[in-house]
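Here, each number is a calculation from the coordinates, and none is a lab measurement. None of the values given here were measured: they were computed from a predicted structure. All Cβ positions, even for glycine, are placed from backbone atoms using ideal geometry, and neighbour counts span all protein chains on display.
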């Protein structure tokens with residue numbers, strides 16, 4: 001297959017008037033167009049497929065529903081926003097509910113975007129910054145409990161969000177030894193807690209600014225440390241609701257371009273009308289696309305990743321090449337799959353997102369096959 005008449009967003013530049021040649025599901029070549037015949041993309045921008053490492057659900061399906069068919073539907077519906085791979089993300093609920101959800105997720109097919117595994121968001125968090133998580137089921141992490149969870153998940157847990165100040169460092173050491181990505185979030189950590197956690201394997205922050213101790217000039221808290229520590233990958237929900245345009249640009253100003261990851265934190269209400277829904281067993285209300293608990297706390301989002309990219313381009317100093325890293329390259333590196341995913345280059349898997357100049361998704365390709373066309 002040859003794709004022609006496009007702008008290829010590469011790791012270090014945009015190649016205009018380009019051709020991408022695909023063979024056996026992988027990229028064979030990327031070059032300037034000459035006279036090749038092929039699928040004419042009409043001058044669209046082609047980016048490496050988006051990887052959403054924090055998504056709960058969409059279109060009335062949720063990872064906690066204990067429904068493998070629902071996970072398959074999520075996989076298909078994420079294609080509409082250019083997402084080609086994702087981590088199904090859980091919530092803080094009872095151990096019984098989490099185990100059942102993990103079993104169903106790990107048994108699900110992914111006919112659309114590829115499911116890369118599971119993001120365990122809680123229950124190892126701090127009630128002080130629980131956000132939309134249910135405080136009744138917050139527990140301290142342990143190797144024994146995690147083994148039960150990962151056994152139910154058939155070994156598919158790839159990333160864990162936790163509050164370091166509530167854990168024994170032996171638990172972080174265990175997760176790190178198992179190759180689990182440790183992300184700090186829903187946390188009241190002091191700067192010293194963050195430093196200690198980093199020494200025990202933590203290298204990421206969940207939804208920067210949200211659900212975490214705030215910056216103070218006498219103690220940076222988790223928010224300040226997320227901005228200060230270059231080694232920490234900072235996940236961000238760029239919806240102008242969780243984070244203002246200036247907050248987005250402050251992140252862009254303070255973090256290296258290879259330390260920002262765009263996520264949606266999306267819930268089942270995405271793509272649905274305003275109304276009443278559930279999240280982690282709790283009632284939420286969605287009005288004008290903003291989801292909140294009855295207490296008024298923001299509860300996930302209805303954000304699309306292509307919109308997150310657009311918001312970042314309009315609100316920050318980052319360009320499209322840098323934002324492709326935030327949506328694709330950086331999450332691929334976090335998960336250790338960047339040898340095959342996350343950039344447009346010969347030999348890489350042909351997971352591609354085709355965008356119009358106004359960031360509308362025109363097509364989404366997975367494994368060299370267009371699985372979505374608008």
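More than 34 Å apart: what percent of Cα pairs in the chain qualify?
Details: 15755 of 69751 pairs.
Summing the P(r) tail past 34 Å for the chain gives 23 percent.
So what is the 222 nm mean residue ellipticity for the chain from helices alone, if each DSSP H run of at least 4 adds -39500 (n - 2.57) and you divide by all residues, rounding to the nearest 500 deg cm²/dmol?
Counting only the DSSP helices, I get -6500 deg cm²/dmol.
Where does helix 245-254 land angle-wise versus the long Cα axis of the chain, in degrees 0 to 90, nearest 10?
Around 90 degrees separate the two axes.
Round to the nearest 10 and give me the degree value, 0 to 90, for the angle of helix 68-77's Cα axis relative to the longest principal axis of the chain.
Tilt relative to the chain: about 50 degrees.
Using a Förster distance of 22 angstrom, determine the FRET efficiency expected from the C-beta separation of residue 39 and residue 314, and round it to 0.05.
So, using R0 = 22 Å, E works out to roughly 0.15.
What distance in nm separates the simple spin-label points at residue 358 and residue 230, each placed 7 Å from Cα in the Cβ direction?
Distance between the two pseudo-spin positions: 4.0 nm.
Quick one: if you stick a label point 7 Å off each Cα along the C-beta vector at residue 257 and residue 135, how many nm between them?
4.3
Suppose we look only past 27 Å in the calculated P(r) of region 126-282. What percent of the Cα-Cα pairs does that tail hold?
Within region 126-282, distances greater than 27 Å cover 25 percent of Cα pairs.
Over 29 Å apart: what share of the alpha carbon pairs of region 220-374 falls there, rounded to a whole percent? Could the numbers behind the result be given before it?
Values: 2900 of 11935 pairs.
Roughly 24 percent, once rounded to a whole number.
At 0.36 nm per residue, and after removing the present C-alpha to C-alpha distance, how many nm does the segment from residue 168 to residue 192 gain when stretched out fully?
Value of the extension gain: 7.2 nm.
Which ordering of 71, 39 is given by a fewest-first count of other beta-carbon atoms within 10 Å?
39, 71
Relative contact order for region 202-297: what percent, with Cα pairs under 8 Å and sequence separation of 6 or more?
This gives 20 percent for region 202-297.
Residue separation times 0.36 nm, minus the C-alpha to C-alpha distance between residue 14 and residue 345: what's the value? Walk me through the intermediate numbers first.
Working: separation 331, 0.36 × 331 = 119.16 nm, distance 1.24 nm.
Here the answer is 117.9 nm.
At what distance in angstrom do the alpha carbon centres of region 226-265 and region 1-64 lie from each other?
Cα centroid of region 226-265 versus Cα centroid of region 1-64: 25 Å apart.
Over region 50-334, what is the relative contact order in whole percent, taking alpha-carbon pairs under 8 Å and six or more residues apart?
Here the relative contact order equals 18 percent.
Compute the angle between helix 305-315 and the longest alpha-carbon principal axis of the chain, please, reported from 0 to 90 degrees and rounded to the nearest 10.
Roughly 90 degrees between the two axes.
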